[in-house]
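Let me begin by presenting the structure, written as structure tokens, before commenting on it.
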Amino acid sequence: MGPRDAKVTIVEFLDPECESCRAMYPMVKNLLAQYEGRVQFVVRYMPLHPNSLYAAGVLEAAGEQGRYWEMLETLFRYQPDWGSHHHPRPELIPGYAREIGLDMQALERSLGVGTHRRIVEADHADGRTLGVTGTPTFFVNGRLVEWLGYQTLKSLIDAEL
């Protein structure tokens, strides 16, 4: 998201089943709105929970239909239902995709190819190489950022601009 030639690139390694990623998302969304057109934001996946690989694949497939961000927000909104640590129900995810109007046949075809799984697995391997051990983890222009809150990330972005 954002211009590819932006002076600042923010990379977030996230796990769609991660409660902390869900909690941080409103702050991330606010930052993206504040710096719209001036930063590039890249999502990479670090699947650490049992249903994360599948959920990330659904996100990528939703992106093919131009609905990535809507699907991400929907997954975060319903995360306590489908991603519960005590009683996860990943079978609910297709219903959420249907709810936002995704073409379900295209979604199933896309998931069946396996491309998204390879993307997510490559992100995971890259994250490990970069020292990512938890989510969310942010990089600003290639530098690992210890998440200390909205103001810390904002200050780093401002310094790079």
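Values in this text are rule-based calculations from the coordinates and carry no lab data. These figures come from a predicted structure and were not determined experimentally. Please note: Cβ atoms are built from the backbone with ideal geometry, for glycine as well, and neighbour counts cover all protein chains shown.
Which value at 222 nm does the chain reach when only helices count, each DSSP H run of 4 or more adding -39,500 (n - 2.57), with the total divided by all residues and rounded to the nearest 500 deg cm²/dmol?
Numbers: 7 runs with 87 residues, N = 161.
Mean residue ellipticity at 222 nm (helix-derived): -17000 deg cm²/dmol.
From largest to smallest, what semi-axes in whole angstrom does region 82-161 give when each is the square root of 5 times an eigenvalue of its alpha carbon gyration tensor?
Working: eigenvalues 204, 57, 46 Å².
Semi-axes from the Cα gyration tensor: 32, 17, 15 Å.
Please compute the contact order of region 1-143 in relative form: average sequence separation of alpha-carbon pairs under 8 Å and at least six residues apart, divided by the residue count, as a percent.
Working: 188 pairs, mean separation 52.7, N = 143.
For region 1-143, the relative contact order is 37 percent.
Of the listed peptides 121-128, 2-9, what is their order by residue-averaged count of other C-beta atoms within 10 Å, with the highest listed first?
Values: 121-128: 15.6, 2-9: 13.5.
Peptide ranking by packing, descending: 121-128, 2-9.
At 0.36 nm per residue, minus the direct Cα-Cα distance, what do Asp126 and Asp158 gain on full extension? Give it in nm, one decimal, please. Walk me through the intermediate numbers first.
Details: separation 32, 0.36 × 32 = 11.52 nm, distance 2.66 nm.
Gain in length upon complete extension: 8.9 nm.
Build a GNM of the chain with springs between Cα atoms under 10 Å: which of Arg38, Arg22, Arg109 gets the top mean-square fluctuation?
Maximum among the listed residues: Arg109.
If each residue of separation counts as 0.36 nm, what is the full-extension length gain between Trp69 and Arg89 once their alpha-carbon separation is subtracted?
So the extension gain works out to 5.1 nm.
On a 0 to 90° scale, report how tilted helix 19-34 is relative to the longest principal axis of the chain, with both axes built from alpha carbons and the result rounded to the nearest 10.
Between the helix axis and the principal axis of the chain, the angle is about 50 degrees.
In nm, to one decimal, how far is the modelled label at Arg77 from the one at Arg143, with both set 7 Å along Cα→Cβ?
Between Arg77 and Arg143, the simple spin-label model gives 3.7 nm.
Please compute the Kirkwood hydrodynamic radius of the chain from all pairs of different C-alpha atoms, in Å with one decimal. Let's see the in-between values first.
Values: mean 1/r = 0.0619 Å⁻¹.
Averaging 1/r across every pair of different Cα atoms and inverting gives 16.2 Å.
Nearest 5 percent is fine: what portion of the DSSP beta bridges confined to region 8-160 is antiparallel?
Numbers: 7 of 14 bridges.
Within region 8-160, antiparallel bridges account for around 50 percent of the total.
Give a residue-ordered list of calculated ³J(HN,Hα) values for region 146-161 (Karplus: 6.51 cos²θ - 1.76 cosθ + 1.60, θ = phi - 60°; whole Hz; x for Gly, Pro).
Each residue of region 146-161 in turn: 6, 5, 10, x, 4, 5, 4, 5, 4, 4, 5, 5, 4, 5, 7, 6 Hz.
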